[in-house]
Amino acid sequence: MTYFEWEKRPPREFRGKPQWTLDELYISPFTARRRYDEEGVMHYDEVERRLHPTGVDVMDHYLRRLTEGKDEVKSFCKIYGLRTEDLDALIFILTGMSGPDFRMAYQLRLADDLLRYTDLPLAEVARRSGLGSHTNFCVVIRRERKQTPTERRTALRQRGDAGRYRV
């Protein structure tokens with residue numbers, strides 16, 4: 001099958017009920033949350049993170065890597081002796097989303113959290129979300145969210161959000 005024949009194939013449709021949604025699989029990048037004690041003194045408490053949301057070792061390891069901003073599918077698959085098609089099939093079975101669509105949705109969610117709750121420079125948000133260089137990050141956010149990253153940060157952020165969490 002040529003590339004152009006592959007491109008023209010209709011998208012796969014999951015006919016079952018996905019076992020998990022993106023929200024259920026999402027692992028927060030934050031390790032601590034700000035709180036104030038009775039005297040108004042600020043402290044940071046450790047955040048309990050669900051690092052094994054599916055109980056499927058391969059999938060949970062992959063989710064942790066995405067949360068670390070590492071999205072190199074081929075190198076990940078090499079660790080487990082998988083083909084990229086195998087990982088994409090697992091993602092499709094568990095979520096009903098194609099592998100690339102799931103990765104993009106996960107990275108955008110991660111970028112949104114980092115933009116909203118941190119004052120990290122945009123280049124660092126790009127790196128930590130796995131969306132690549134500052135330039136690529138700006139292109140992806142503009143294409144997917146119809147805003148610049150700075151506009152997105154402003155739209156997401158509510159009073160008191162900056163610094164609420166630590167990465």
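List the aspartates and glutamates whose alpha-carbon lies under 13 Å from that of Lys74, not counting same-chain residues fewer than 8 positions away?
Those aspartates and glutamates meeting the cut-off are Glu85, Asp86, Asp88.
The list [x] 17.9, 68; [y] 15.4, 46; [z] 16.9, 61 gives values of Rg and Dmax of the Cα atoms in Å, and only one came from this structure; which label was calculated from it?
So the calculated entry is the one marked [x].
Rounded to whole Hz and in sequence order, give me ³J(HN,Hα) for region 114-128 from the Karplus expression 6.51 cos²θ - 1.76 cosθ + 1.60, θ = phi - 60°, writing x for Gly and Pro.
5, 5, 6, 9, 10, 9, 4, x, 4, 4, 6, 4, 4, 5, 5
For region 67-75, just list the computed ³J(HN,Hα) in residue order, Karplus coefficients 6.51, -1.76 and 1.60, θ = phi - 60°, integers in Hz, with x standing in for Gly and Pro.
Karplus-based 3J(HN,Hα) across region 67-75 equals 5, 7, x, 9, 10, 6, 5, 4, 5 Hz.
Of Gly96, Gly69, Phe137, which is farthest towards the positive pole of region 16-160's charge dipole, taken about the Cα centre with +1 and -1 on the beta-carbons of Lys, Arg and Asp, Glu respectively?
Farthest along the dipole direction, towards plus: Phe137.
Using a 7 Å offset from the Cα along the Cα-to-Cβ direction at both Glu72 and Val56, what is the distance between the two label points in nm, to one decimal?
Output for this residue pair reads 2.4 nm.
In degrees, nearest 10, range 0 to 90: what is the angle between the Cα axis of helix 84-95 and the longest Cα principal axis of the chain?
60
Would you pull out the residues with amide H under 5 Å of Ala32's amide H, same chain only if 5 or more places away, H placed 1.01 Å from N?
Val47, Arg166
With springs only between Cα atoms under 10 Å, which of Asp88, Asp37, Asp45 fluctuates most in a Gaussian network model of the chain?
Its mean-square fluctuation being the largest, the pick is Asp37.
What's the magnitude of the charge dipole for the chain around its Cα centre, counting Lys and Arg as +1 and Asp and Glu as -1 at the beta-carbon? Answer in Debye, nearest 20.
Here the size comes out at about 480 debye.
As an exercise, use a Förster radius of 30 Å and the Cβ-Cβ distance of Tyr80 and Asp37 to find the FRET efficiency, rounded to the nearest 0.05.
Once rounded, the FRET efficiency stands at 0.10.
Every number in this text was worked out from the coordinates using simple rules, so none of it is lab data. Quick caveat, the model's predicted, so the values are computed rather than measured. With ideal geometry, Cβ positions are generated from the backbone for all residues, glycine too; neighbour counts draw on all protein chains shown.
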